[in-house]
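The values are calculated or read from the model by the stated rules, or taken from the named source; none is laboratory data. Note that this is a predicted model, so its numbers are computed, not measured. With ideal geometry, Cβ positions are generated from the backbone for all residues, glycine too; neighbour counts draw on all protein chains shown.
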Amino acid sequence: MTTDSFLARQPIIDKNRELYAYELLYRSMPGARDMTDGPGEADSAAWTGTDTNLTANVLLNTLHADAIGKVVGKLPAFVNCSREFFFTGIADALNPAVFVLEILESVEIDDELISLVAALKKKGFRIAADDFVPDEEGFARLAKVMDLLSVCKLEWPAVKDAKTLQHAIGVFHGKGIQVLAEKVETEADFDLCQKAGVDLFQGYFYAKPEVIKSGKLDTNTAGVLQLMKVINSGNCSIDRLDKEFKSHPDITANLLKYINSAAFGIQSKVTSIRQALTLLGVANIRRWLLILSYGSRAKNTARNPVLANAVKRATFFESFAKKLGWPSQKVEESYLAGLISHLDVVFQMSLGDICEQMAVDRKITDGLLTKEGDIGHMLNVISLVEQGDFGVAGKEMRFTLSHQDINDCLDMAYEKSLMKDETP
């Protein structure tokens, strides 16, 4: 990826809460200044430029086959397309089995554009309409391209009532077009859209806890918290850890299955926690126990959006810390902070209670809860990147890292978060 452009990857979820695709959002920063420049030191417009302003060279360099596989794996990639995009011929260099081309709401739909879109459809590309508002004007605008669409991205905040939603779904489903609801931010909105028949969802409802529990925890949750507490105590021996894991046979069996999966490439089979601790060390066991916590509540770990986002954060924090030359202990703390940052969604508990019950280091806990200090700062930055708000992220950046450094961290994070299907 070029040093003056950044990539945000936003998940698209199906009705089963599994990853279906990613939308790729590009931001171009003319001038390629360091992200250490503070507010007012660069034109803010440079930070809010959209992907439609990127040159053909940037698109071709970042969306070629090898690079895209490290960003979305085997999932489809939705990309915003301006009118200029369709006329440049850039799409001819892209793989129609991977890319879904979105017609932006600002694009004028005339006979010339329809001809180009029809040709792309014939080549195998799926075409989507972006930011559709279900009113008379919206339907009239899409009338000429309706037969070319595979997906319509419905602007959920613009839907005024259930009757409007049902009508829109009926129209598009009648044409064999999937309906994707954009900007779905709450469980209530997800439930309403799902029951109405919406096929796909985009928004951060999946990364927010539904209900914060109090009272008795289920056996699996209590077991994970207890094991993490022992591991984090700082003076645990292999004998004590081995004994604790034996008290939780289901967790132990799943963890050993996870460690022995093809995803990790361990040559000799690991048959006991004692052997795993000896071969792999406590730090790796702690990491994998946390990852297992996410996977244990999903039918398909590889399609679990919460796990993917947690691993992405953890890897970004770790890479970030290494770029800054932090000591190994602080690098490990950074990684753990990323993994822990979404456990409230998994356990339906507050992060404060989770960190307390797992005896998480105070620096990690404070960073996650107050969003202050180095960990808190990294969390703020990655949260803004996830939203595609590189302008604010750039102004928030207080560490001395170049554009290329940030890109390297993001590239590593996206690749590592593509979980293998072998994991439980």
### Query
Which residue pairs have Cβ atoms closer than 9 Å, lie 6 or more positions apart in sequence or on different chains, and pair a first residue in region 152-175 that is in contact (Cβ under 8 Å) with a residue 40 or more places away in the chain with a second residue that is in a helix (DSSP H, G or I) and among the hydrophobic types (A, V, I, L, M, F, W, C)?
154/165; 154/168; 154/169; 154/172; 154/193; 156/165; 156/193
### Message
Among the residues of region 237-260, are any at pLDDT 85 or above, surrounded by fewer than 13 Cβ atoms within 10 Å (Cβ to Cβ) and in a loop (DSSP other than H, G, I, E, B)?
### Response
yes
### Query
From the set of residues in region 106-125 that are outside any helix (DSSP H, G or I) and of a type in the set (A, V, I, L, M), which is farthest from residue 142 (Cα to Cα)?
107
## Note on the structure
Across (1) of a type outside the set (Ser, Thr, Tyr); (2) touching a residue at least 24 places away in the same chain (Cβ under 8 Å); (3) in contact with an Asp or Glu (Cβ under 9 Å, 6 or more places away or on another chain), residue 359 clears everything bar (3)
### Summary
Looking across region 137-168 at residues that are outside any helix (DSSP H, G or I) and among the β-branched types (Val, Ile, Thr), the single one that is modelled with the lowest pLDDT is 159
### Summary
Here, helices (runs of 4 or more DSSP H) confined to region 298-391 with at least 2 residues that are over 21 Å from residue 232 (Cα atoms) and either under 14 Å from the mean Cα position of the chain (by Cα) or among the polar types (S, T, N, Q) (or both) are 305-323, 373-386
### Query
If we scan region 214-231, do we find a residue that is in contact with a strand residue (DSSP E or B) (Cβ under 8 Å, 6 or more places away or on another chain), small (Gly, Ala, Ser) and buried (at least 19 other Cβ atoms within 10 Å of the Cβ)?
no
### Task
Could you list all residues from region 186-207 that are of a type outside the set (A, V, I, L, M) and loosely packed, with under 14 Cβ neighbours inside 10 Å?
186, 191, 195
### Task
Provide a single number: the residues in region 375-424 that are of a type in the set (D, E, K, R) and either modelled with pLDDT under 80 or more than 25 Å from residue 294 (Cα to Cα) (or both).
9
